[in-house]
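First up is the structure itself, then whatever we jot down about it.
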Amino acid sequence: MDKFNGLRAFKSVVEEGSFAAAARAMGLSRSQTNKLVIALEEALGVQLFSRSTRHVAPTSEGLAFYDRARRILDDLEDAERALSETKSAAVGRLRISTPLSLGRLNFSAIVVGFMADHPDLEVDLVQETRLIDPIAEGFDCVIRIATPDEETHLVDHRIAPVEYVTCASRSYLEARSVPSHPQDLKDHALLHYPGSNNSRSWQYSGADGPITLAVKPIMIANNLEAIREAACGGIGIATLPRYAIQAELNSGDMVCILPAFGLPGFMLQLIYPPSRHLSAKVQLFTDYLTNHFSDGIAVGAS
């Protein structure tokens, strides 16, 4: 059997709600549509629909299979489109995962701007605090702020560098001594975001070489925004992206410390599975982000 036509028929029945409506949408007869779905069910060895004389509905197996079938057909259409001609517009559904902390960069507004340029595009934007596997979880692309990984099996576009700073509120520093060396941090209340590798250390570079500080934080959070709130609230010292606290730095409520000691370089990255390399919508979104951040990450974004 032609599995792709079977998948198209199955997807259409789910979305249209009946075999008759699916047949009209596909330009086929009801009998042809029914035969395609039955052949697919036989090939899979699974009943995809519960049928009665008046009603058809996907089974639990059918519902689970629908998301996979839709992604397979989307991938096929993207590949055909990319190989046949260069497209100037993104179409279909684009699934994007971003960390919650990108709210400080107005990332949702960036996505809306991209959608305005491509009105036929549908976007599924998921914001998470955890690390996402785009292949296992079916995302077209994932946005991360991380240290570049040369060993990744994913396609990695490095959009812009992200500066991290060691910082604390002015009220905290007025009540405590101001550290002049990373080792002085051992006498302070530290706020720690462990990141994807669950590290319990802060890495610095100075005139005498690298420094690794094992931290014993008073607060650990898997959400960078929680660490930011604690630092701005005078609870302790944190390492944060400059863009996340620039407004507080401008007002003087927050202060950067240890300026002579650099933190590791981070990058705003767009990552996607190799299977999405021919996807026109992913390529266009990558180009859009690259152009948006061509002058770097603007501090003061909120």
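The values are calculated or read from the model by the stated rules, or taken from the named source; none is laboratory data. Keep in mind that what you see is a predicted model, and the values were worked out from it rather than measured. Cβ: placed from backbone, ideal geometry, glycine included. Neighbour counts: every protein chain shown. Calculation scope for accessible area: heavy atoms of the full protein, side chains included, ligands and nucleic acids excluded. Shrake-Rupley method; radii C 1.70, N 1.55, O 1.52, S 1.80 Å.
Assuming R0 = 30 Å, what is the FRET efficiency of E77 and Q203, from their Cβ-Cβ distance, to the nearest 0.05?
Step by step, r from the Cβ atoms, then E = 0.10.
Looking only at region 214-242, which residues have a backbone nitrogen under 12 Å from a spot 7 Å from the Cα of L249 in the C-beta direction?
240-242
Could you check the simple spin-label distance between N106 and S294, using points 7 Å along Cα→Cβ, in nm with one decimal?
1.8 nm
Order C167, C256 by their accessible area, 1.4 angstrom probe, all chains in place, largest first.
Greatest to least solvent exposure: C256, C167.
Suppose accessible area is computed on protein heavy atoms with a 1.4 Å probe; arrange H192, H292 from highest to lowest.
Putting H192, H292 in descending order of accessible area: H292, H192.
For the chain, what is the percent of antiparallel DSSP beta bridges, rounded to the nearest 5?
Close to 70 percent.
What full-extension length gain, to one decimal in nm, is calculated for A260 and T53 as 0.36 nm per residue of separation minus the Cα-Cα distance?
Contour length minus the Cα-Cα distance gives 66.9 nm.
For A175 and D117, compute 0.36 nm times the residue count separating them, minus their Cα-Cα distance, and round to one decimal in nm.
The span from A175 to D117 would gain 15.8 nm if fully extended.
Given the whole protein assembly as supplied and a 1.4 Å probe, what does the accessible area of D287 come to in Å², nearest 10?
90 Å²
Using a 1.4 Å probe, what is the accessible area per residue for the chain, in Å²?
51 Å²
Please check: in the Gaussian network model of the chain (C-alpha springs, under 10 Å), which one of L28, L268, L105 has the largest mean-square fluctuation.
So, out of L28, L268, L105, the one fluctuating most is L28.
Would you calculate a helix-derived [θ] at 222 nm for the chain, using -39,500 (n - 2.57) for each DSSP H run of n ≥ 4 and dividing by the full residue count, to the nearest 500?
-11500 deg cm²/dmol
Assuming R0 = 30 Å, what is the FRET efficiency of A214 and E128, from their Cβ-Cβ distance, to the nearest 0.05?
That gives a FRET efficiency of 0.60.
Over region 137-181, with every protein chain in place, what whole percent of the accessible area is carbon and sulfur at 1.4 Å, could you tell me?
After summing per-atom areas, the C and S share lands at 47 percent.
Tell me which of A43, S97, G113 sits at the most positive position along the dipole axis of region 1-125, charges placed on C-beta atoms (Lys, Arg +1; Asp, Glu -1).
Result: A43, furthest along the dipole toward the positive end.
Percent of accessible area on region 1-80 owned by carbon and sulfur, 1.4 Å probe?
The value for region 1-80 is 50 percent carbon and sulfur by accessible area.
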